[in-house]
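Worksheet: the structure to be examined is printed underneath.
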Amino acid sequence: MDGSTSGQAGSGRGVARPDAGGAASTPGQRAAVTEATAGARRLGLLLAGASVALGAAGAAWFFRFAGQVRRDPGVVYRDPTTLDNLLKRASDAERAGDRASAIATYQFVAAVGTGKEWAPYGAAARAALKRLGAPDTLPGPPR
């Protein structure tokens, strides 16, 4: 052999030589690499744009929710399961003789349980407060 590193007879066209750093040596190979690189760049830009859009949407949702909680702190507790659990906890405290905890929990449920949907919970809490002789601390017209 003549000591060439191409491994092929002839001029060695179409073969990447080790001294070229693995880079494409023919125009066709360079074009293919350029197209693949451009596709990867487009995909990267698309993913980066989607990430930025999702981050911005998440931040906007968070600030909107934080504003809603600032205006109405009880909004996170207006859930049937939570209000049922709180009424049960207050009832258990009342039966155990912990009047202060029972009153505080009933007052909280009465304050949070406003509106048509949550009226039964608020009414149950106000009835328990009346039974315990504690004031209903809700501001507004008398009930």
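Quick note: the coordinates plus some simple rules give every number you see, no bench work behind them. What you are looking at is a predicted structure, and each value in this text was computed from that prediction instead of being measured. Neighbour counts run over all protein chains shown; Cβ positions are idealised from the backbone, glycine included.
Rounded, prolate or oblate: which fits the range 40-143, taking a ≥ b ≥ c as square roots of the Cα gyration tensor eigenvalues, rounded meaning a/c under 1.5, else prolate when a/b beats b/c? Prolate. Ordered by the count of other Cβ atoms within 10 Å of each Cβ, fewest first, THR81, THR114 give THR81, THR114.
Using C-alpha pairs under 8 Å with a sequence gap of at least 6, the mean separation divided by the residue count of the range 75-132 gives a relative contact order of 32 percent.
Label positions at PHE63 and ALA119, each projected 7 Å from the Cα along the C-beta direction, are separated by 3.8 nm.
Just the ratio, please: alpha-carbon radius of gyration of the range 75-132 over 2.2 N^0.38 Å, N its number of residues. Intermediate values should be presented prior to the final figure.
Numbers: Rg = 10.4 Å, N = 58, 2.2 N^0.38 = 10.3 Å.
Ratio of Rg to 2.2 N^0.38 Å for the range 75-132: 1.01.
Counting neighbouring Cβ atoms within 10 Å and putting the fewest first, the residues PHE65, PHE108 line up as PHE65, PHE108. With each label modelled as a point 7 angstrom along the Cα→C-beta vector, the ASP98-LEU46 pair spans 5.7 nm. As a rough footprinting exposure proxy, the listed residues TRP118, TRP61 were ranked by other beta carbons within 10 Å of their own, and the order from fewest upward is TRP61, TRP118.
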